[in-house]
Amino acid sequence: MKINRSAFAGLALAALLASMSSAHAAPSDYEFKLVTSEIQKNDAATIAVRLIDKRSGKPVENAVISATRIDMQPDGMEMMTTPAKAMPTTEAGVYSFKTNLSMAGNWRFSVAAKVQGEEGTVENKLVFKVVQ
C-alpha cells in the first residue's frame with residue numbers, strides 16, 4: 001500500500017501535535033511564594049504560601065503538600081524547629097499552616113508538594129521574618 005508524501009506529512013504532524021498536548025510540566029514550572037514575608041511572633045501564627053504556575057502566573061489548586069519544615073537556619077540555628085499544621089484552604093492556590101513562632105528573627109519554611117496530573121515534586125525554601 002502506497003501513502004503519498006503529503007498524507008504521510010499530515011499524519012506525522014498530527015502525531016507531533018498530539019504528543020505535545022500531553023506533555024507535562026516540570027517541577028521547576030511551579031513555585032511557592034510567601035503571602036507575607038513578616039509575621040508577628042505568636043504561639044498560633046499562620047504562615048501562608050501561594051503556589052503558582054510560573055508559565056501562566058495563575059494559582060495552582062488542589063496540590064498535595066507532602067512535606068513541611070520550619071527552622072531558624074537563616075539565623076544560624078537550624079536545629080531550632082517548630083511543627084506546622086495544615087489549615088483549610090480559603091483562597092485558590094493559597095496553602096496555610098498554623099505554627100508556634102516563639103522567637104523573633106529570620107525563619108525558613110521548607111515546603112514540598114505534588115501538583116495534580118504532574119510528575120515530580122515542587123520544592124521551595126522560603127525565608128520570612130518574625131517580628132515582636
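The values are calculated or read from the model by the stated rules, or taken from the named source; none is laboratory data. What you are looking at is a predicted structure, and each value in this text was computed from that prediction instead of being measured. Cβ sites come from the backbone with ideal geometry, for glycine too, and all protein chains shown count toward neighbours.
Among the residues of segment 103-132 satisfying the criterion of being at pLDDT below 95 and either over 13 Å from L51 (Cα atoms) or in contact with a helix residue (DSSP H, G or I) (Cβ under 7 Å, 6 or more places away or on another chain) (or both), which is surrounded by the fewest Cβ atoms within 10 Å (Cβ to Cβ)? If we take residues in segment 103-132 being at pLDDT below 95 and either over 13 Å from L51 (Cα atoms) or in contact with a helix residue (DSSP H, G or I) (Cβ under 7 Å, 6 or more places away or on another chain) (or both), then Q132 is surrounded by the fewest Cβ atoms within 10 Å (Cβ to Cβ).
Out of the residues in segment 38-71 that are in contact with a helix residue (DSSP H, G or I) (Cβ under 9 Å, 6 or more places away or on another chain) and closer than 17 Å to T121 by Cβ, state the one that is surrounded by the most Cβ atoms within 10 Å (Cβ to Cβ). Here the answer is D53.
Taking (1) more than 14 Å from the chain's Cα centre (by Cα); (2) touching a residue at least 40 places away in the same chain (Cβ under 8 Å) in turn, T68 satisfies each apart from (1).
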